[in-house]
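Visitor: Mind having a look at this structure? Questions to follow.
All of the numbers you see were taken from the coordinates with simple rules; none came from a lab. Not measured: the values here are computed from a predicted model. So basically every Cβ, Gly included, is an ideal-geometry build from the backbone, and we count neighbours across all protein chains shown.
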C-alpha cells in the first residue's frame, strides 16, 4: 500500500505539488491522471525518495522508501524507459541490478520471459525501440518480485498488441494482491485498465475515487438526435427550455446533442409534436469527457483551436 499525506514540493516559486494526500490500495490498478505539469512525475519521485518533499510524507507499507533494507523486493518502478546503459544487453542490464541487490540470477530470465524479451536478451539496449525499452523497464521493475509498483507512462511507444498486453499484465499483477500505481495520458486505455483513479491538477488533488464513479459523477450522457425537421425541433426544444448544441457526424450530417435528458423523454417529445426522427440514440459519458470536465481549469498550457 502507498500512503501519501500532505505531500508538498516547491521549486523556488514554483509549487509543483501542494498538500497532496491519497492512498493506493493493494489488489487494484490505480490510475494517476492529470494534465501536463500537474505534478504526477514529481509525486512519484517523492514516493521513491528521489526528490525530497518540502512538506508531508509518502510511505510504502508504512515505511519511507529510503528506510527500506531491500527496496527492490518491496517496490518496483518504471520512471524512464531510457535509463539503461546503451552498450549493455538486456540480460546484462538486469544481471548487474540483480547481483547488487541479492536477487537470484534465475530471476533475470524469468522477468525477460514475462515481458516477452527472451529472444532479444543478448542484444544491446541502445538498439531497442521505445516499445522494447518499455518492456525492459517493466522487467527491471519486476526483478525483485515486489508487492508495490509505480509505473510512469508504461505504454508509451507500444503498438496496439503491446498496449493490450500491458493492460492484461497490470490487471494480473493487481489480482495477485499487489498495489499498482500507473500514470498515463492515454485516457481510453486507463478507462479499461484502472479500477481506481487519483486525479490531480496543478499539484492538488481533484478526485480520488473509482473509475466508474469518476465518470458517472464528472460527466454526463447525451442524447443524439437527427431529423429532417431540424429548425422545427430546435424550436420545440427552446420552448421546453432544453439546452442543445449542433455537431456534425462522420457522414457530414447535422446532429443535435442534448445533455441531461433521456432518449425516452426526447422521443416522446418528438412524437407529441409530430416530428419524425431519423436518429435517437444515447452517447455514454467517457473517461476523457470526465477528465476534461474536471481538469479544464487546471491545464497549464492551452492551445486555441479555431472554431472551438
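Visitor: If one computes P(r) from the Cα atoms of the range 220-284, what percent of pairs lie at distances over 20 Å?
Guide: Summing the P(r) tail past 20 Å for the range 220-284 gives 15 percent.
Visitor: Using mean Cβ contacts within 10 Å as the protection proxy, how do 51-62, 163-174 order, highest first?
Guide: 163-174, 51-62
Visitor: Calculate I(q)/I(0) for the chain by the Debye formula, one identical point scatterer on each C-alpha and no solvent, and give its log10 at q = 0.09, 0.15 Å⁻¹ to two decimals.
Guide: Debye intensities relative to I(0), on a log10 scale: -0.57, -1.14.
Visitor: Related question: If every alpha-carbon in the range 87-227 counts as one equal scatterer, what log10 I(q)/I(0) does Debye give at q = 0.19 1/Å?
Guide: Debye curve over Cα of the range 87-227, log10 I(q)/I(0) at q = 0.19 Å⁻¹: -1.14.
Visitor: If R0 is 45 Å, what FRET efficiency do you get for residue 25 and residue 220 from their C-beta distance, rounded to 0.05?
Guide: Efficiency, from the Cβ-Cβ distance: 0.95.
Visitor: Further, regarding this structure: Run the helix sum for the chain: -39,500 (n - 2.57) per DSSP H stretch of 4+ residues, divided by residue count, reported at 222 nm to the nearest 500 deg cm²/dmol.
Guide: The per-residue figure over the chain is -10000 deg cm²/dmol.
Visitor: Given a Förster distance of 41 angstrom, what is the FRET efficiency for residue 210 paired with residue 118, based on the Cβ-Cβ distance and rounded to 0.05?
Guide: Using R0 = 41 Å, I get an efficiency of 0.65.
Visitor: Run the numbers on the range 220-284 and let me know its relative contact order in percent, using alpha-carbon pairs under 8 Å that are six or more apart.
Guide: Reported relative contact order: 54 percent.
Visitor: Would you work out the relative contact order for the range 26-115, in percent, from Cα pairs under 8 angstrom that are 6 or more residues apart?
Guide: It comes to 15 percent, rounded to a whole number.
Visitor: Continuing with this model, one more query. Arrange 186, 294 by Cβ neighbour counts within 10 Å, fewest through most, would you?
Guide: 186, 294
Visitor: So between residue 188 and residue 73, what do we pick up on full extension, going 0.36 nm a residue minus the alpha carbon distance?
Guide: Full extension of this stretch gives 38.2 nm more.
Visitor: A follow-up question, please. Mind ranking 72-78, 134-140 by how tightly packed they are, going by the mean number of other C-beta atoms within 10 angstrom, highest first?
Guide: Ranking, from highest mean packing down: 134-140, 72-78.
Visitor: Helix 160-175 versus the longest principal axis of the chain: what is the Cα-based angle in degrees, 0 to 90, to the nearest 10?
Guide: 70 degrees
Visitor: Another question, if that's okay. Rounded to the nearest 0.05, what FRET efficiency do residue 88 and residue 59 give with R0 = 51 Å and r taken as the Cβ-Cβ distance? Could you check?
Guide: 0.95
Visitor: While we're here: Give the dimensionless ratio obtained when the Cα radius of gyration of the range 160-300 is divided by 2.2 N^0.38 Å.
Guide: That ratio works out to 1.35.
Visitor: Using a 10 Å cut-off on Cβ atoms, rank the peptides 279-292, 100-113 from the highest mean neighbour count down.
Guide: Most protected by this proxy first, the peptides run 279-292, 100-113.
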